[in-house]
Amino acid sequence: MASDYVIELIAKRIAGDIVWSSNIGLSMKKWREMFGISQAELARVLGISQTVIADYERSRRQPGSAFVKKFVQGLIEIDERRGFKVISELSKSFTLNFPFIMDMRDFETPVCFDELTIAVDGIPLNSTINLKKIYGYVVVDSLTAITSLSGMEFYQFLSLVFNRVIVFTKVTSGRSPMIALKISPVKPDVVVFHKPLKMDPLSIDLADREGINVIVSTKRNEEELIKSLRTLVHSKSL
C-alpha cells in the first residue's frame, strides 16, 4: 500500500498538472482515463451528475481550485478501492516511494525554530541558532536509509528537503548523517535527531560549519514524535 505522504505528493502533482495545462479539460480527461475510471463512476463518488464532468472535460465549464482538488481526491479514492494500482505505478515513475521515509508533510504556513523545538520536545545543540522559517518535514528511518540508499538515490532524496526539516530516527551519534550532509549540494536548514544514544562532537561541529541547526528530540518513541509533528501541521492550517 502506498504511504500517506506518497499519495499526497502524487495528488499535488496531478492537480498541478491539471491547473498548469493550457487545456484544463483535456488534462482532466487524461488523468481520469489514466486511472481507468469512467465519467459515471467518478460522478457517483463526487456526488455530481456525469454531465458536469463531461462539461469540464469539454471545456464548457472552467473548474476552480476546490473542484480540481475534489476531482483528484475522487480519482485516488477509486484507485484505493482497487488496491492503489495506479498510485503504485506513479510512485515508481516519480521516484517518490523511498522505503525509509516514515512521514512527510508540508505546513500551510511556515513554522519557526522555537515552534518546532517545542513540538518535538527538543534540545538545540548549536553554538548559534539560525532562525529560518520551516515549511515542512521529512521523518527518516536512518538505519533503513543507510542500508538501502545508493549515492544517486541519496541526491534524489535530498531534492525533497528544500525548506523542510529532516528528522532522523534510530540515530546512534549523528555522525554518519552529518558527514553525508556535509558533502551534499543540497542541505536542510534544520535537522532533528530522535533520541540518539550519544551525540558525536564532530557532528555538532559539522553542523555549525555548514550552518545547519541541530535539535535532539526527547519524544518517548517515533509514534509520539510523528503524532506531534502532524499536530503542528494541523495547527498551522487552521
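The values are calculated or read from the model by the stated rules, or taken from the named source; none is laboratory data. Since we're looking at a predicted model, the values are computed, not measured. Don't worry about glycine lacking a Cβ; one is built from the backbone with ideal geometry, like all the others, and counts go over all protein chains shown. Areas reflect the complete protein model, heavy atoms only, side chains present, ligands, DNA and RNA absent. Shrake-Rupley method; radii C 1.70, N 1.55, O 1.52, S 1.80 Å.
What the table below lists for this structure:
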{"item": "Single residue of region 180-238 satisfying the filter (among the polar types (S, T, N, Q) and open to solvent by 30 Å² or more (accessible area, probe 1.4 Å)) that is farthest from Lys133 (Cα to Cα)", "result": "Asn221"}
{"item": "Complete set of residues in region 41-86 that are open to solvent by less than 30 Å² (accessible area, probe 1.4 Å), β-branched (Val, Ile, Thr) and without any contact (Cβ under 8 Å) to a residue 12 or more places away in the chain", "result": "Val52"}
{"item": "Some residue of region 3-15 being over 27 Å from Arg105 (Cβ atoms) and crowded, with 16+ Cβ neighbours inside 10 Å", "result": "no"}
{"item": "Any hit, region 127-148, residues being in a strand (DSSP E or B) and farther than 25 Å from Ala11 by Cβ", "result": "no"}
{"item": "Odd one out for Ile118 among (1) open to solvent by 50 Å² or more (accessible area, probe 1.4 Å); (2) in a strand (DSSP E or B)", "result": "(2)"}
{"item": "Single residue of region 87-106 satisfying the filter (open to solvent by 10 Å² or more (accessible area, probe 1.4 Å) and aromatic (Phe, Trp, Tyr)) that is nearest to Ile212 (Cα to Cα)", "result": "Phe98"}
{"item": "Matching entry among Ile7, Ile76, Ile48, Ile37 (being at pLDDT below 95 and either out of contact with any Ser or Thr (no Cβ under 7 Å at 6 or more places or on another chain) or hydroxyl-bearing (Ser, Thr, Tyr) (or both))", "result": "Ile7"}
{"item": "Region 26-40, residues that are open to solvent by 60 Å² or more (accessible area, probe 1.4 Å) and touching a Leu at 6+ places or on another chain (Cβ under 9 Å)", "result": "Met34"}
{"item": "Residues of region 159-179 that turn out to be open to solvent by 30 Å² or more (accessible area, probe 1.4 Å), under 21 Å from Arg230 (Cβ atoms) and outside any strand (DSSP E or B), as a count", "result": "3"}
